[in-house]
1. Please build a GNM for the chain, connecting alpha carbons under 10 Å apart, and tell me which residue among Val103, Val173, Val246 fluctuates the most.
2. How many times 2.2 N^0.38 Å is the alpha carbon radius of gyration of the chain?
3. For the pair Thr258 and Arg218, what calculated FRET efficiency results from E = 1/(1 + (r/R0)^6), where r is the Cβ-Cβ distance and R0 = 25 Å, to the nearest 0.05?
4. Let me spell out the model: positive unit charges on the Cβ of Lys and Arg, negative unit charges on the Cβ of Asp and Glu, origin at the Cα centre of the chain. What dipole size does that give, in debye rounded to 20?
5. Specify which residue in the list Ala136, Ile160, Gly184 is farthest towards the positive end of the charge dipole of segment 131-209, using unit charges on the beta carbon of Lys, Arg (+1) and Asp, Glu (-1), about the Cα centre.
6. Okay, helix-only estimate at 222 nm for the chain: each DSSP H run of n ≥ 4 adds -39500 (n - 2.57), divide by all residues, round to 500 deg cm²/dmol; what do you get?
7. Would you give the gap between the C-alpha center of segment 229-255 and the C-alpha center of segment 135-155, rounded to a whole Å?
8. Over the alpha-carbon set of segment 135-291, divide Rg by the Kirkwood Rh and report the Rg/Rh ratio to two decimals.
Amino acid sequence: MNSLDNVEDLRRMVRRGRESGMSVGFVPTMGFLHPGHIRLIHECRRENELVVVSAYVNPAQFGPAEDFAMYPREIERDRDLAAEAGADIFFSPDDETMYPGGVGNQAVWVDPGNLATVLCGASRPGHFRGVATVVAKLLNIVRPDRLYLGQKDAQQAIIISRMVRDLSLPVDVRVIETVREQDGLAMSSRNAYLTDGERREAAAIHRALAASEDAFQRGERSARLLEVLTREVLARDAPRGRVEYVEAARLDRLTPVTAGIAEPALLAVAVHFGRTRLIDNVILNPRLEKD
Ligand code: AMP
């Protein structure tokens, strides 16, 4: 595996691969790799001849009171894990490489509009603008055929898919199922922040969503009722958690579903445990037959 930190080397190496007829897959991450990221790299390996993994903690997507400074970083370990998972190129740029002259010097941004102001965007102004902009930059640097994203960050995957469509970017987006701990907790670099007690309670997030998914499969279509059911399980099993939102949203435009779920919807949750903010979701698709 080649480990690179500058744009010119990366472009040269990808160009060489492409010229010899290789398809290029790309997995962007913020590092501190866990089995969720590894799953994305494996999928990328399966479908592409050249696999590029990036690790970059993007300052532009963190709010001033968020965890940018304390976000876990273990770049040497990430490099080993990426190589082991089958990456050909590991790209870990510094801030100056990604934002020459500083993040504040960026004049042009990718603005995801209304998609960025709902769900997580409501409490994280500017977050998805930062995400969309850095992913656009990385896509322009790597120029992959396929881009791999995780379903855990559903709003992010929806926004990036829309960016690709709306800006006619020449890349296929693949969204990969959430990888979970044994008790159902979605794997996340931020799980490392949890105390033992919080960690035990955090499993309730998936349990709550699974209970609602189950009710949905049995025919419950009221968004309001499914939200209430999700909140009830959280209140019962995660008393330390502070629920930021539980919301059913249309999968295509992320607007709230206020009545019955007649179109594919996302049931999404954000819960705070102390200073740790965790998210998860399930897709509720009324068009799919019951098991
Ligand atoms: P991050 O490093 O948290 O920015 O995540 C990098 C990519 O990995 C994003 O596309 C995430 O959605 C994806 N990802 C993070 N956690 C998981 C998980 N538990 N399962 C699958 N994909 C994940």
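1. Largest GNM mean-square fluctuation: Val103.
2. Dividing the Cα radius of gyration by 2.2 N^0.38 Å gives 1.01.
3. Values: r = 22 Å, r/R0 = 0.86.
Rounded to the nearest 0.05, the efficiency is 0.70.
4. Values: 38 positive and 42 negative charges, 104 e Å.
So the dipole magnitude of the chain works out to roughly 500 debye.
5. My answer, from the dipole projection, is Ala136.
6. Numbers: 9 runs with 111 residues, N = 291.
Calculated mean residue ellipticity at 222 nm is -12000 deg cm²/dmol.
7. Result: 27 Å between the Cα centres.
8. Numbers: Rg = 16.6 Å, Rh = 16.6 Å.
Rounded to two decimals, Rg/Rh equals 1.00.
Each reported figure results from applying straightforward, stated rules to the coordinates on display, with no laboratory input. None of the values given here were measured: they were computed from a predicted structure. Methodologically, a virtual Cβ is constructed for each residue, glycine included, from the backbone with ideal geometry; neighbour enumeration extends over all protein chains shown.
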